[in-house]
1. Only one of these is of a type in the set (Gly, Ala, Ser), touching a strand residue (DSSP E or B) at 6+ places or on another chain (Cβ under 8 Å) and open to solvent by 20 Å² or more (accessible area, probe 1.4 Å): 478, 542, 508, 500. Name it.
2. Which residues, taken from the range 30-52, are without any contact (Cβ under 8 Å) to a residue 24 or more places away in the chain and not small (Gly, Ala, Ser)?
3. Name every residue in the range 1-24 that is acidic (Asp, Glu) and surrounded by 13 or more Cβ atoms within 10 Å (Cβ to Cβ), in order of residue number.
4. Which of (1) touching a His at 6+ places or on another chain (Cβ under 8 Å); (2) under 30 Å from residue 400 (Cβ atoms) does residue 538 not meet, given it meets every other one?
5. Looking at this structure, is residue 471 open to solvent by less than 30 Å² (accessible area, probe 1.4 Å) and farther than 23 Å from residue 145 by Cα?
6. Here are some residues: 466, 407. Which one is surrounded by fewer than 22 Cβ atoms within 10 Å (Cβ to Cβ), more than 23 Å from residue 319 (Cα to Cα), touching a residue at least 60 places away in the same chain (Cβ under 8 Å) and out of contact with any Gly (no Cβ under 6 Å at 6 or more places or on another chain)?
7. Anything in the range 201-236 that is part of a loop (DSSP other than H, G, I, E, B), in contact (Cβ under 8 Å) with a residue 12 or more places away in the chain and within 23 Å of residue 144 (Cα to Cα)? List them, or say none.
8. Which of the residues spanning the range 185-209 are surrounded by fewer than 21 Cβ atoms within 10 Å (Cβ to Cβ) and among the acidic types (Asp, Glu)?
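The values are calculated or read from the model by the stated rules, or taken from the named source; none is laboratory data. Since the model is a prediction, treat every value here as computed from it, not as a measurement. We place every Cβ from the backbone using ideal geometry, glycine too, and count neighbours over all the protein chains shown. Just so you know, the surface numbers come from the protein's heavy atoms only, side chains and all, with ligands and any DNA or RNA stripped out. Shrake-Rupley method; radii C 1.70, N 1.55, O 1.52, S 1.80 Å.
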Amino acid sequence: MWREAPALVLKNIFCYLEASDLLAVSLTCQLWHQVAKEDSVWKHLVQRLWKIKGNLPPGKVSWRNEFRRLTYETPTYLSETLHEHTDEVLDVSFSHDGKVFCTTSKDATVKIWELGYPTKVKHNAKMLLLAGWNLTQFSTFNKSDTYLCVCGVQIVGEYFPSPYGRGAVFRTSDFKLIQTMKMEPPQLFADWYDDTTVLGGYVEENETLLHIKAFKVVEKESCNIQEPDSGQIVYSFDTDHHHTMNLLVADLPYDYQSHDQSGDYRLTVHQIPKEAQSVKNGRTKEVKSAANNACSSEEHQKMMIFVCEQHSALAVHDVTNLHEKTMARNTKLNANTRQSPGSIRSLSSANNSIGIQKSSLRASKQGHKNQSEAQTVRGPRSVCELPGASILDKPTVSPSFDKYYISGMKLSPDHRELYFNHRICHFDKVDDDGYPVIESDIIVDKYDLVTKTHTKNLLKGHKASSKYPAWYICLDISQDYIISGSEDGRAFLWDRHYLSFLGHLPHSLNPDIVINGTTFCPTDDQCVVTGADDGIIHVWRSSRRHAELQRQQGLVAMDL
């Protein structure tokens, strides 16, 4: 009977089998082997196991391969544990070639690790001795991996100590410190605009405006630590710098679609040349010409992003052709200065009201890792009413989110999508300490930088315990996966295509440990690194990758 059973009947039965059963029945006879190999059977299995709906995502070949990837190629296996730091690990970042990664810590060191089996420390810099820093909290490699930018905090003052943001640039070839910078506020961090230019924050004394400075990397024979690079102001925003965080620079290639159904030649990035915007059907030649001119003049569009407005909004600003715009801005500023003697500092004194707030600083465990109190909070103002308003910049786009408290964000590998962690904050309710009530659930949302669309409640499940102002909760995105830290000793891993939960990465058995750093290897997302408050670094790999490394070391002789 079974030998004569129709293939359709067998397929319907096989859809209810587990993977091990499918492999077993495929050895029975040729018919069963063919039916068990059908991709529709494996589709039912994958969709049932990981609660997936829909079809295969772009670039994926078969559901059987997807089962193999989701089972054996997800980085959930604890492969290595590293113990070199003596205090909380605050950040982890990979080089673009995937060969090394950097960790920063409250022990004020910067460590470069050479990824391998075993993974070893390649370089170590003690910033307390080199520059007087009290901690290092963030790092990022430039695109060519020739320089590493590190952000940290220096406590200044004997009787009334205050935290000040600092930045430093290392040459990666010999890990030599070649430049230091003043960067305020500390929680804004910094990012590379290009291979030799860093964008960071700057704050005038007794001022709430946020200025963005460009720091040009200049190699000198000796680095004078006592004279940090002052940089050059390139943008000034009318936003309270006390509630800003996490500056990023997105590098978006212009994406042209050949033709749509109506025959129009469309530019998908929103900065379409004016001459192209007015073109209707029947004028495709003019549109093509305008689009080609735009592409030839600037092949990439760069967007600067940071959290603002009490962590409930994003400032997204077009910084394409930064150096040319800076020269034009300085010319205009000099002209305005000759006409009006009022300085930039005078802008911040108008229409201010006094209040007490707490700012987010990643590095302190007491109240979001160092707090500054009795800060100035401004009422809303119209930029056009301010003297010298021509020096103020308005973000290209500034999406705001009601009741959000954004606590961390990261760009996708292609820089098109911005993922961010947030918690719901009730500003109309206060806790026992007089601060807004903030919920414990952490939620991941997505913002598309091209279409300017917001996807809510993308991922859930990770928890937080910190009160307002909330601690920084890291996350990272690879081609296939999304990972986020939490405040319960675990990292959380999801599939990026199906948004399916793939498992916890139990960094620590202590539920009070905060996972501060998570990052995928950019050349192999079967490897991810986590760092936490316990000072320990874990290297997680897929079971397949771990077995391959062990086999290379002669430790095992088995294949997955």
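1. Values: 478 fails: open to solvent by 20 Å² or more (accessible area, probe 1.4 Å); 542 fails: open to solvent by 20 Å² or more (accessible area, probe 1.4 Å); 500 fails: open to solvent by 20 Å² or more (accessible area, probe 1.4 Å).
Answer to the check: 508.
2. Here is the first cut: in the range 30-52, the ones without any contact (Cβ under 8 Å) to a residue 24 or more places away in the chain are 30, 32-33, 36, 43, 47-49.
Hits for the range 30-52 are 30, 32, 33, 43, 47, 48, 49.
3. Initial filter on the range 1-24 (acidic (Asp, Glu)): 4, 18, 21.
The answer is 21, and nothing else.
4. (2)
5. Working: open to solvent by less than 30 Å² (accessible area, probe 1.4 Å): no; farther than 23 Å from residue 145 by Cα: yes.
No.
6. Details: 407 fails: surrounded by fewer than 22 Cβ atoms within 10 Å (Cβ to Cβ).
On inspection, the qualifying residue turns out to be 466.
7. Residues satisfying the conditions are 217, 218, 219, 220, 223, 231.
8. 194, 195, 204, 205, 207
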